[in-house]
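Below: the structure, in C-alpha cells.
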Amino acid sequence: MSSPAPSARRWLVLIVFMLVAGLSQALWLNFAPLIVRVQADYGVDEDTAGLLLLVFPLLYVFLSIPAGVLTDRRGYPFAVSLSAVMMAGAALLRIVDGGFWLLLAAQSIMAVAQPFAVNGISKLVLDWFPEEEVVTATGLGTMGMFLGMAAGIALTPPMVESWGMQGAMALWGVGSAAIAGLSLGVIRVNPAATAAPPAEPGIIENLRPLLASRPLVLLFGITALGLGYFNGLTAWIEPILAPNGIDSVHAGYVGGVLIVGGIVGAGLVPMLAEWTGRRKPFIVGSVFAALLTLWPMAHSTDFTTVMVTSALQGFFFLPAFALLLDVGSALAGKALAGAATGLLMLAGNGGGVVVMIAMVSLKQGSGDWEGAVILLVACLVVAGVGAALLPETGHAHGAKANAA
C-alpha cells in the first residue's frame, strides 16, 4: 500500500468524521436515560419504549455488510455524507410531536444511517493518513464515537428538563443539520493519495476473499466476543451492581466513568501501539486488563473501588476496538477495507445481541446476575486466546498480510 502524502487537511477531515460518528451514537442513546419519561409521555410499556434503543443494533446486523460494500464501491465521502444527511432529516422529524410511532420511525431512519457512518472509518484513515499515523487516527475516530455516547446519555436529560422533550429534540436536530452540512463540505477523497484498486462489484464477491482468510475469520470472532462483552456489561450494569448496594444513580456514574476512561484510552493507547509498531500485544493486554478489573468492579461494595476499576477497564479495553479495525484493514487490504469493517461491525453487533439475551436467560435461571458475570468472564477468556493467535500486522514487522 502506498502511503498518501501527509496534508494538514487530513485532521479537519478526521474531526468532521468524528462529529458524524459521534452523532450516530448520541442520537442512538438520547433515550437511554429517558425510558420512564417516554413511557409516561406516550403511554407505552417498558418493552415498547425500549424499541427506541433496540432498533439500532438490530438494524445494524442487517445493514453492516451492505454499508461496507457501498463504502468500497461509491467511496467513503458518499457513504458518510449520506449517513449524516439521513440522521439530520430524522433528527428534525423528531421535533414533530406526532406520537410514539412517529418517534420510532425517526429512530429507525437513524438506525439505518448509522452503519454508513461508522463503517467509513477504515477507508478514510487509509486514504488520508500515512502508515505511521493510521492507528492513531483510527483511535481518534473511535474516540469520537465514545464522546457521542457520553453526550447522548449525559446531555439529553438536562436538556429535556430545561426545554421539554420537543425543545431538546429541536436542539439535537439543529446540531445534526450543522454536522451534515460540515460533512458535505469537508469530507472528500485525498487527491494526493494513490488510487486504490477497484473493489469487487458485489456483496458475494466482496465477502468471498474476506471469509476465506482464517486470520480475518478469527478477528471477526474476537470482535463478536469483545463487543458482546462490552454491550452486555453496559446494558445490564445497574442490576449487576445492585446487590452490592449501588443504586441506579451511582450505577450511571460507573457506566459514565467507563466510557470516559475509554475516551482517554482511545486517545493514548493507539498512539503507543503506533510508536512501538505493534498491535497484537495491546489487543491481548486489553483483554487481560478487562479480566483483572471485571471481578472487583462487579463484586466490590466499596463505591470508590468500583469507580476506579471501571475507569481502568474503559481505559484499557475500549481502545482495542480501534486496533481491531486497523488489523482488519491490514489483513483485508485497502480496496476491501470497507467490507472488512462492515463484517467486523456485523460480528460485534451480532455478538452484542447474543450476549445480552444470554445474560438475561442465565439471570432468570439462577435468580441473580452471578451466572451472567461468569459468562462475561468466559467471553474474555476465549477472546484472549483468539487474540494470542492473531498475526502481527504492525509496521515493526513489516507485516501487511493480504486476506487472499
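Any read-out appearing in this document is the output of simple, stated calculations on the displayed coordinates, not a laboratory observation. None of the values given here were measured: they were computed from a predicted structure. Here the Cβ positions follow ideal geometry from the backbone for every residue, glycine too, while neighbour counts run over all protein chains shown.
In table form, for the structure just shown:
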item	result
Point-charge dipole on Cβ atoms (K/R +1, D/E -1) for region 1-126, about Cα centre, debye to 20	740
Relative contact order (percent, whole number), the chain, Cα cutoff 8 Å, 6+ residue spacing	25
Under-5 Å amide H pairs with VAL189, H placed in peptide plane, nonlocal only	none
In nm, spacing of pseudo-spin labels at LEU58 and VAL354 (7 Å Cα→C-beta vector)	2.0
Label-point gap, in nm, between ALA242 and ALA192 - each point 7 angstrom along Cα→Cβ	5.6
Dipole magnitude of the chain, debye to nearest 20 (Cβ charges: Lys/Arg +1, Asp/Glu -1, about Cα centre)	1100
Region 313-331 residues near the modelled LEU292 label - backbone nitrogen below 11 Å, point 7 Å along Cα→Cβ	313, 316
Calculated P(r) tail over 17 Å for region 340-382, as whole % of Cα pairs	38
Ellipsoid semi-axes in whole angstrom, largest first, where each is sqrt(5λ) of the Cα gyration tensor of region 87-190	30, 15, 12
Rounded D (µm²/s) - the chain, Kirkwood Rh over Cα pairs, Stokes-Einstein at 37 °C, 0.692 mPa s	154
Separation of the ARG74 and ALA8 label points, Cα + 7 Å toward Cβ, nm	3.3
Estimated dipole of region 198-404 in Debye, rounded to 20 [Cβ of Lys and Arg +1, of Asp and Glu -1, Cα centre]	600
Value in Å of the Kirkwood radius, where region 226-271 supplies the Cα pairs that are averaged	11.5
Cα-Cα pairs of region 1-109 separated by more than 25 Å (percent)	33
In the chain, lysine pairs closer than 22 Å at Cα, eight or more apart or cross-chain	6
Overall dimensions of region 198-404 by Cα: Rg and Dmax, Å	17.8, 57
Stokes-Einstein D (µm²/s) once Rh is taken as the Kirkwood radius of region 7-188 over alpha-carbon pairs, at 10 °C in 1.306 mPa s	96
